[in-house]
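These notes are about the structure you will find just below.
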Amino acid sequence: MKKSTIMMILGVAAFTACNDPQGNVENDTMADATADTAVAYQDERGAVEADGVQIKDVGEDFWAGIDWDAPVVEDPEMTNAGVEVRSNNQYNIYTMDDRVLFDTDKAQIRSEGEQKLQEIANEIKNLPQNGQIRIFGHADARASNEYNKQLSEERARAVQDWLQNNGGIDGNRLSVEAMGETEPRATNETARGRQLNRRVALVVVTQQQ
């Protein structure tokens, strides 16, 4: 960054502190420069520092290569919440069958489901905050392909919206993918198998390649 730019940002910070009606001067630091101020001076590094987090894009090939059979993690809190946790050195996978979150054929999260999502959100907040999160919606094969894909997308988006609006997760980290009936965990010929196939999975990137 050029010396003149640094002086200009320092001047903005000092002006703000001088006009604080409480007389506080703790704001007179570079760390408190806003992201907007940094962008105004076309300083990308400053914008990242001011925001505190830079979300790293892992690319679509990463999501296509998710190992759904990653090792299971013994997590009593998640287990009690009806959430299966799997993990490797790159990401965590949080999976819930549809009964945890939704009524039959619905995409509105039930109050009990909100409690489960809050447990997941709390755990996500303890992970690196620059990792992307993708929400995968899955369905069984009883209805048409189009219906199953639409329902799985609506459910994934409901989870996305809840995490952003209620769970305190940065919306810039979140994306969804509607899988419909394309990735079954079990046979669709039995009630138990169909139940396993109706699920929502959150993949949280914990380490960049």
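Just checking, how many residues over segment 163-209 are without any contact (Cβ under 8 Å) to a residue 60 or more places away in the chain, in a helix (DSSP H, G or I) and charged (D, E, K, R)?
Adding up the residues that qualify gives 2.
The rows are residues; the columns are (1) in a helix (DSSP H, G or I); (2) at pLDDT 95 or above; (3) under 15 Å from VAL204 (Cα atoms).
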residue: TRP63; (1), (2), (3): yes, yes, yes
residue: ALA70; (1), (2), (3): no, yes, yes
residue: THR95; (1), (2), (3): no, yes, yes
residue: VAL100; (1), (2), (3): yes, no, no
residue: ASP105; (1), (2), (3): no, no, no
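Evaluate segment 49-65: report whether one residue or more is among the small types (Gly, Ala, Ser) and buried (at least 19 other Cβ atoms within 10 Å of the Cβ).
Going through segment 49-65, the residues among the small types (Gly, Ala, Ser) turn out to be 50, 52, 59, 64-65.
This time we only want the ones that are buried (at least 19 other Cβ atoms within 10 Å of the Cβ), so: 50.
Yes - at least one qualifying residue is present in segment 49-65.
Go through segment 108-152 and report how many residues are among the β-branched types (Val, Ile, Thr) and either farther than 19 Å from ALA81 by Cα or not in a helix (DSSP H, G or I) (or both). I'd like the intermediate steps shown before the answer.
As a first pass, look at segment 108-152 and keep what is among the β-branched types (Val, Ile, Thr): 109, 120, 124, 133, 135.
The next check asks that each one be either farther than 19 Å from ALA81 by Cα or not in a helix (DSSP H, G or I) (or both); those that pass are 109, 133, 135.
Residues in segment 108-152 being among the β-branched types (Val, Ile, Thr) and either farther than 19 Å from ALA81 by Cα or not in a helix (DSSP H, G or I) (or both): 3 in total.
Suppose we filter ALA186, ALA139, ALA143, ALA201 for residues that are in contact with a Phe, Trp or Tyr (Cβ under 7 Å, 6 or more places away or on another chain) and in the same structural domain as PRO71 (by TED's automatic domain parsing); which single one remains? Walk me through how you get there before you give the answer.
Details: ALA186 fails: in contact with a Phe, Trp or Tyr (Cβ under 7 Å, 6 or more places away or on another chain); ALA139 fails: in contact with a Phe, Trp or Tyr (Cβ under 7 Å, 6 or more places away or on another chain); ALA143 fails: in contact with a Phe, Trp or Tyr (Cβ under 7 Å, 6 or more places away or on another chain).
Checking each option against the conditions leaves just ALA201.
Of the residues TYR91, TYR147, which is surrounded by 13 or more Cβ atoms within 10 Å (Cβ to Cβ), in contact (Cβ under 8 Å) with a residue 40 or more places away in the chain and not hydrophobic (A, V, I, L, M, F, W, C)?
Values: TYR147 fails: in contact (Cβ under 8 Å) with a residue 40 or more places away in the chain.
Just a single option satisfies the conditions, and that option is TYR91.
The values are calculated or read from the model by the stated rules, or taken from the named source; none is laboratory data. In this text, all values refer to a predicted model and were calculated from it rather than measured experimentally. Note: ideal-geometry Cβ built from the backbone for every residue, glycine included; neighbour counts use all protein chains shown.
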